[in-house]
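Here's the structure we're looking at; comments come further down.
The values are calculated or read from the model by the stated rules, or taken from the named source; none is laboratory data. Please read these numbers as outputs of a predicted model, since none were measured by experiment. FYI the Cβ positions are ideal-geometry reconstructions off the backbone, even for glycines, and counts take in every protein chain you see.
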């Protein structure tokens, strides 16, 4: 019997063996899993976009092409501290989106 069960398993590498042992059995479970995957995809996408925008702002600030943070802080050190706060906000948002995963 054990050989029959193993012969039915896919032959590719399987990162989550529990998925084979516990297939989706109801439409409600499938809908829950789909909603969870959509939430995760959207949250990672939004955090990635925010991270790239903060990176672009930092690079523009470093080269002196923009002075966006000047209204927040008058000195260059103050502007970099404000940039650091933006980085911490993005990291905190990413950490918050990963809670419970």
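So if I check each of 53, 59, which one is over 25 Å from residue 99 (Cβ atoms) and modelled with pLDDT of 90 or more?
Working: 53 fails: over 25 Å from residue 99 (Cβ atoms).
Exactly one residue qualifies, and that residue is 59.
Output yes when any residue across the range 61-72 is part of a helix (DSSP H, G or I) and either surrounded by 13 or more Cβ atoms within 10 Å (Cβ to Cβ) or in contact with a strand residue (DSSP E or B) (Cβ under 7 Å, 6 or more places away or on another chain) (or both), and no when none is.
Yes: the range 61-72 contains one or more residues that are part of a helix (DSSP H, G or I) and either surrounded by 13 or more Cβ atoms within 10 Å (Cβ to Cβ) or in contact with a strand residue (DSSP E or B) (Cβ under 7 Å, 6 or more places away or on another chain) (or both).
Output the qualifying pairs, or none if there are none: Cβ atoms under 7 angstrom, residues six or more apart or on different chains, first residue in the range 25-41 and on the phi < 0 side of the Ramachandran plot and part of a helix (DSSP H, G or I), second residue at pLDDT below 80 and surrounded by 10 or more Cβ atoms within 10 Å (Cβ to Cβ).
Cβ pairs passing all conditions: 30/24; 33/24.
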